[in-house]
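Structure record follows, encoded as structure tokens.
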Amino acid sequence: MLKPKITYHRVKTNEELEAILKLQSDNLPQKITALEKEKEGYVTIHHTFDILKRMNDSCAHIIAKHEETVVGYVLCMTRNFKDEIPILVPMFDEIESIIPETQDYIVMGQVCVSKAYRKQGIFRGLYQFMSQVLKPDFDVIITEVNIKNVRSSNAHLAIGFELLKTYNSNGDTWELICLSI
């Protein structure tokens, strides 16, 4: 069977933002089984349209599309959103404790690939496109992964992310990881 032709873009429309929210909603821990969480990973945060749009206006998110359907995304979050999502404040505090103020970084706020499109290289493609388009403005992509989300941790390490530090927040242990671009 041929792999579908996947294209990568920056988000330009409200419809694309709505498609991200739908994909996000379908992959929250409460919407999937324990086995799916272990084997496929999950997303932690369900954003509002308003915050997703404001993040996009600051630095457009990256999406993977098959024809007109959004099948994956990575969210771009600049440091000015530090206090916007309470669960992420500790991550930004950890980043600020180890990254010099002069270093330009972008936070990858979340990554997700539609179940029907997994294991086709889209995760890697999203990050390659993100690195390519953001390289002029940023030195590094930083994110965090809950150590319980083994699938996500392994996927990030496989494409070149490196561990900056491990820390505890909100009753969970997180890996703060980075990818030089």
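The values are calculated or read from the model by the stated rules, or taken from the named source; none is laboratory data. This structure is a prediction, so every number in the text was calculated from the model and none was measured. In this analysis, Cβ positions are derived from the backbone assuming ideal geometry, glycine residues included, and neighbour counts consider all displayed protein chains. Remember, those area values only see protein heavy atoms, side chains included, never the ligands or the DNA or RNA. Shrake-Rupley method; radii C 1.70, N 1.55, O 1.52, S 1.80 Å.
Cysteines of the chain lacking any other cysteine Cβ under 4.7 Å from their own Cβ: C112, C178.
What pairs from K119/K165; K3/K37; K31/K65; K39/K135; K3/K115; K3/K31 go past 21 Å between their alpha carbons?
Going by Cα-Cα distance, K119/K165; K3/K37; K31/K65; K39/K135; K3/K31 fall outside the 21 Å limit.
Rounded to the nearest 500, the 222 nm mean residue ellipticity of the chain from helices alone is -10000 deg cm²/dmol, with -39,500 (n - 2.57) taken per DSSP H run of at least 4 residues.
Just to be sure I follow the definition: excluding the sites themselves, where is the longest run in the chain that has none of the trypsin sites (Lys or Arg not before Pro) in a DSSP loop with at most 12 other Cβ atoms within 10 Å?
13-118
With a/c under 1.5 counting as rounded, go ahead and sort the range 104-175 into rounded, prolate or oblate using the C-alpha gyration tensor (a ≥ b ≥ c being the square roots of the eigenvalues; past the cut-off, prolate if a/b is larger than b/c, else oblate). It is oblate, given that a/c is not under 1.5 and a/b is not larger than b/c.
With the charge dipole of the range 22-181 set up from +1 on Lys and Arg Cβ and -1 on Asp and Glu Cβ about the Cα centre, the Cα lying farthest toward the positive end among the listed residues Y167, N80, I99 is that of Y167. Within the accessible area of the range 88-181, the carbon and sulfur atoms contribute 48%, probe 1.4 Å, all protein chains present. Its Cα gyration tensor gives the chain an equivalent ellipsoid. The semi-axes, each the square root of 5 times an eigenvalue, are 23, 19, 16 Å from largest down. Partner aspartates and glutamates whose Cα lies under 15 Å from the Cα of K22, excluding those fewer than 8 positions away in the same chain, are identified as D50, E68.
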